[in-house]
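Enquirer: Here's a structure for you.
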Amino acid sequence: MPLYPYRGIFPQIDPSAFVHPDAVVIGDVGIGPNASIWPGVVIRGDVNSIRIGACSNVQDGSILHVTRDSEFKPGGIPLIIEEEVNIAHSVTLHACTLKRGAMVGMGAIVLDGVVVHETGMLAAGSMATPGKQIASGQLWMGSPAKFARDLKESELRSNQAINANYIKLGAEYRQAFGAT
């Protein structure tokens, strides 16, 4: 799999994580235990850091990037994905924070400074504009994304089941493809 250093900083990948050979990981990137990174994903930690927590998954075709230090963004903005986060296919994440158990639906865009709090969800095809705060247990949707409703208990359980599936699938792929 393409792992590239940037400015002398190499990606750090936990031995139990799975990174598909067709994913690209560059620079200051940390990938935690039992996380999974799927085909076509680009994770570019070049101008700031990216951290992906334990048991999180970044599904096919997603793009992850960060914001550099500048007069407009002092210190820049890293990208932080906590534990047990589901990032569906073709998602764009830019300099945002996804808290434990968050879910981002297929094709969604999450921009600078957005925080999706614990078990919060951004619906498929939605765009969370800079600085939005998606509260715990809430569903936001649209472009720009707005609060839609509180998530049902069945939806929260479904997100947990999706996460458990990707942990299992990552382990199966890791065994089939060999160590990351």
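Enquirer: From the residues in the stretch 131-180 that are assigned to a strand (DSSP E or B) and among the aliphatic types (A, V, I, L, M), which one is farthest from residue 14 (Cα to Cα)?
Expert: Checking each candidate, the answer is 148.
Enquirer: Moving to a separate point now. Taking residue 131 as the residue in question, decide whether it is in contact with a strand residue (DSSP E or B) (Cβ under 9 Å, 6 or more places away or on another chain) and closer than 19 Å to residue 50 by Cα.
Expert: Judged against the criteria, residue 131 is a match.
Enquirer: Just checking, does the stretch 99-112 include any residue being of a type outside the set (Gly, Ala, Ser), in a loop (DSSP other than H, G, I, E, B), at pLDDT 95 or above and in contact with a helix residue (DSSP H, G or I) (Cβ under 9 Å, 6 or more places away or on another chain)?
Expert: no
Enquirer: Mind checking which residues of the stretch 43-66 are over 15 Å from residue 108 (Cβ atoms), touching a His at 6+ places or on another chain (Cβ under 7 Å) and polar (S, T, N, Q)?
Expert: none
Enquirer: I'm told residue 57 meets every condition in (1) surrounded by fewer than 17 Cβ atoms within 10 Å (Cβ to Cβ); (2) under 11 Å from the mean Cα position of the chain (by Cα) except one. Can you identify the failing condition by its number?
Expert: (1) is the only condition that residue 57 fails.
Enquirer: Here's another thing I want to ask about it. May I ask you to list pairs of residues, at least six apart or on different chains, whose Cβ atoms are under 6 Å apart, with the first in the stretch 44-72 being closer than 17 Å to residue 84 by Cα and the second being surrounded by fewer than 22 Cβ atoms within 10 Å (Cβ to Cβ) and of a type in the set (A, V, I, L, M, F, W, C)?
Expert: Sorted first by the residue in the stretch 44-72, then by its partner, the pairs are 51/80; 55/167; 59/88.
Enquirer: Next question, about the same structure. Would you check which residues across the stretch 81-96 are under 24 Å from residue 143 (Cα atoms) and crowded, with 20+ Cβ neighbours inside 10 Å and list them?
Expert: Matches in the stretch 81-96: 81, 85, 86, 87, 88, 91, 93, 95, 96.
The values are calculated or read from the model by the stated rules, or taken from the named source; none is laboratory data. Nothing here was measured: the structure is a model prediction, and the numbers come from that model. Ideal geometry is used to build each Cβ from the backbone, glycine not excepted, and the neighbour counts take in all protein chains shown.
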